[in-house]
Amino acid sequence: MVVNSDVLQLSKKLIKCRSVTPKNDGAIEIVESELLKAGFDCFRVDRGGICNLFARWGEKNHKRTFGFNGHTDVVPVGDVSSWSCDPFGGAIKNGFLYGRGAADMKTAVAAFVIAAKEVTEEQIFDGALVLMLTGDEEADATDGTVAILDWMKANDESMSVCLVGEPTCSEAMGDTIKIGRRGSLSAVITFQGVQGHSAYPERALNPLPIVAKLVSRITDHELDQGTDYFDPSTLTITSIDTGNTATNVIPQSCEVMLNIRFNDAHSSGSLLNWLESEAQKIENESRVKVSIKAKVSGESFITKPGELSNLALSAIYNIIGAEAKLSTSGGTSDARFVREHCPVVEFGLLGTTLHQVDEHVNVKHVHQLKIIYKNILTNYFVQ
């Protein structure tokens, strides 16, 4: 283990930045400085108060342009007193690097920055490298990677393929590569009845029995049985709320919150149409007014196994001897935006402590990740 390696030192510098989304606290500038010294052309793509960076080494729009995507913003630390060390200290204890962003995903940013620098310094090859860094992944994600992709389109910049450095491994380093993600649709269904006294239910229109019927129908409905690359889609009720604190009052209204994680058998539009159809049926049956407000975080997508995933599989096996599985599990990531531009996969460290108190990663894995990224780049450009 090389304690003073470039990748570890850069990881610690980034962790020391208190870049709780949407704050930057100098994180983007640290990366920009590293890349400028290595001869990269760097462009700030700040938007909506968010700091973003686009960096390129090599010819613009080269037919073989490898891209990395990552974020330097982090989630809040929670109760600081529950941490065993400063969450922004970058402490190393017993071979582990601690701090907010250690797993998600400042170490991966450091790994691909150093890998990119080393490849450009050590080799002459026919190709180009692009690095996309954002400070808006953990929040609304409207002015981060999306802003960079908008800027790229406006400035005629492109990537052939892209790797997102999100923590993908579930139990052991190198065990999982993400080749796609499920879509995510959240909805609030509002049921509007007539308030009344519980002793005189005939004078009211209680929305709660209607809520129960609709919830039962949609949760009992099988969305699908899974597809070639995805597990079955899921619908989860996350809240049922009337705001009623009185036992003798029939509530006027009720809100049901739900989330659907869906595979490539659906689109957000088809699922919303289904929800609205079920809501209309229950409204026609009951006279309770039903309305739906929905928000889509992303559509499902897949990068089918091929050149890009094979490069990652080969590099992981060559460096650490692990046979990674191809997965589409988990929540959303910025890969959902990149996939509209070029083929994209995700690979990073273990995600077992991300967003937790005492978030940490194995220092050995940080070094391995840098070497794996470097191996992927080397093999990509020699093909």
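Points to keep in mind about this one:
- Helix 145-154 and the longest principal axis of the C-alpha atoms of the chain enclose an angle of approximately 70°.
- Solvent-accessible area of M257, all protein chains in place: 80 Å² (probe radius 1.4 Å, heavy atoms, ligands and nucleic acids excluded).
- Relative to the longest principal axis of the Cα atoms of the chain, the long axis of helix 6-15 lies at roughly 40 degrees.
- On the chain, 47 percent of the accessible area sits on carbon and sulfur atoms, based on a 1.4 Å probe.
- The chain - charge dipole about Cα centre, Lys and Arg +1 at Cβ, Asp and Glu -1, debye rounded to 20: 200
- Cα shape, region 240-315, gyration tensor, a/c 1.5 rule: prolate
- Relative contact order [Cα under 8 Å, 6+ residues apart], the chain, whole percent: 25
- Residue-averaged 222 nm ellipticity for the chain, from DSSP H runs of 4+ at -39500 (n - 2.57), nearest 500: -10000 deg cm²/dmol
- Largest accessible area first, the residues T134, T21 order themselves as T21, T134 under a 1.4 Å probe with ligands, DNA and RNA left out.
- Using 0.36 nm per residue and subtracting the Cα-Cα separation, the extra length available between D150 and L36 on full extension is 38.8 nm.
- Annotation: extensible slack from T227 through E121 equals 33.8 nm (criterion: 0.36 nm per residue apart, minus Cα-Cα distance).
- Degrees separating the helix 363-382 axis from the principal Cα axis of the chain, which is the longest one: 70
- For the residues R261, R287, a 1.4 Å probe over the protein chains yields an accessible-area ranking, largest first, of R287, R261.
- For region 60-159, the relative contact order comes to 43 percent (Cα pairs under 8 Å, sequence separation of at least 6).
- Listed candidates [x] 1.40; [y] 1.06; [z] 0.99 - label of the one calculated as Rg/Rh (Cα atoms, Kirkwood Rh): [y]
- Accessible area per residue, Å², the chain with all protein chains present, probe 1.4 Å: 43
- Approximating the spin labels as points 7 Å out from Cα along Cα→Cβ, the R203-to-S5 distance works out to 7.5 nm.
The values are calculated or read from the model by the stated rules, or taken from the named source; none is laboratory data. Being a predicted model, the structure only gives us computed values, none of them experimental. Note that we place each Cβ from the backbone using ideal geometry, even for glycine, and neighbour counts take in every protein chain shown. What goes into the accessible areas is simple: the full protein's heavy atoms, side chains included, and nothing from ligands, DNA or RNA. Shrake-Rupley method; radii C 1.70, N 1.55, O 1.52, S 1.80 Å.
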